[in-house]
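First up is the structure itself, then whatever we jot down about it.
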Amino acid sequence: MKAISVFSGGLDCTVATTVYDKDYEIHAITFNYGQKAFKQELKASKNICEKMGWNQEVIDLPWLSKISNSSLNNEEDIPELTEDDLDDLEKSSASASNVWVPARNTVFVSIALSYAESIGADIIIVGWNGEEGATFPDNSKEYMDSFNELINVGSPEKIRIEAPAINLNKEEIVKLGVDIGAPMELSYSCYKGENKPCGVCESCMRRKRAFKKIGIEYD
């Protein structure tokens with residue numbers, strides 16, 4: 001069986017994809033949409049794919065960068081949060097709005113569906129999760145269920161989106177990663193794209209907090 005993974009090399013997609021490693025031939029798709037972190041994401045994703053024996057395709061989406069007003073794509077500073085801010089819905093929602101890329105997951109999964117139909121894949125793996133689903137609507141279970149219904153109606157193939165972390169918080173994702181031996185140490189989750197993760201953007205803070213709770217040194 002074959003699987004397409006929407007794969008940035010981040011923590012969530014690394015754990016999610018590893019869940020299916022033993023049962024599926026993994027074809028990872030890594031997107032370049034002009035994000036500040038692309039260089040580091042590409043490095044991390046390649047290292048993980050090489051270690052795990054997954055196939056990888058890199059797809060450039062320059063048009064998405066051009067239309068995006070996200071701080072991930074422009075010169076605007078990326079928000080920095082404290083650990084307390086992560087549980088403040090107003091502050092975390094403001095951060096999510098600042099880094100929002102127009103219809104990003106819709107674009108990614110649509111392209112993944114094309115690949116899945118082309119190679120006869122059964123599933124599309126994504127790292128969507130419960131913690132980020134609270135402020136990013138395209139990470140939510142409702143969004144996933146709706147997209148799966150769209151695939152059911154609009155595709156002649158029996159393909160479904162699988163998100164094993166859809167109901168999990170970051171701490172639970174890290175626990176799962178430990179249990180299945182996911183190469184989390186090779187993953188990269190920083191929005192800023194620096195050689196060493198900044199440790200203060202929302203993505204870094206959520207990852208750092210989860211590792212801390214599990215007793216793993218953050219990197």
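The values are calculated or read from the model by the stated rules, or taken from the named source; none is laboratory data. Computed from a predicted structure; not experimentally measured. Here Cβ is always computed from backbone atoms with ideal geometry, including for glycine, and neighbour counts include all displayed protein chains. The protein model used for the area step is the full one, side chains on, heavy atoms only, and it has no ligands, DNA or RNA in it. Shrake-Rupley method; radii C 1.70, N 1.55, O 1.52, S 1.80 Å.
Within the same chain, lysines fewer than 8 places from residue 196 are excluded, and of the rest, those with a Cα less than 30 Å from its Cα are 36, 39, 43, 46, 51, 66, 91, 170, 175, 208, 212, 213.
Excluding residues fewer than 8 places away in the same chain, name every one of the aspartates and glutamates whose C-alpha is closer than 13 Å to that of residue 158. Qualifying aspartates and glutamates at Cα under 13 Å: 117, 122, 149. At the residue level, residue 150 shows approximately 110 square angstrom of accessible surface with a 1.4 angstrom probe and all protein chains present.
Taken over the alpha carbons of the chain as equal point scatterers, the Debye sum produces base-10 log I(q)/I(0) values at 0.09, 0.12, 0.15 Å⁻¹ of -0.32, -0.59, -0.96.
Scoring 120-130, 151-161, 29-39 by mean Cβ neighbours within 10 Å over their residues and listing the highest first yields 120-130, 29-39, 151-161.
Charge dipole of region 121-160 (Cα centre as origin; +1 on each Lys and Arg Cβ, -1 on each Asp and Glu Cβ, all else neutral): 140 debye, rounded to the nearest 20. Model label sites at residue 67 and residue 180, defined 7 Å from Cα along the beta-carbon direction, differ in position by 3.3 nm. Ellipsoid fit via the Cα gyration tensor, region 106-146: semi-axes of 22, 9, 8 Å, each the root of five times an eigenvalue, largest first.
Keeping all protein chains in place and using 1.4 angstrom, which order do 149, 172 fall into by accessible surface area, from largest down? Don't jump to the answer; show the numbers that get you there.
Working: 149 100, 172 75 Å².
Solvent-accessible surface, decreasing: 149, 172.
Relative contact order for the chain: 28 percent, from Cα pairs under 8 Å spaced at least 6 residues apart, divided by residue count.
In this simple spin-label approximation, residue 118 and residue 59 carry label points 7 Å from Cα along the Cα→Cβ vector, and these lie 0.8 nm apart.
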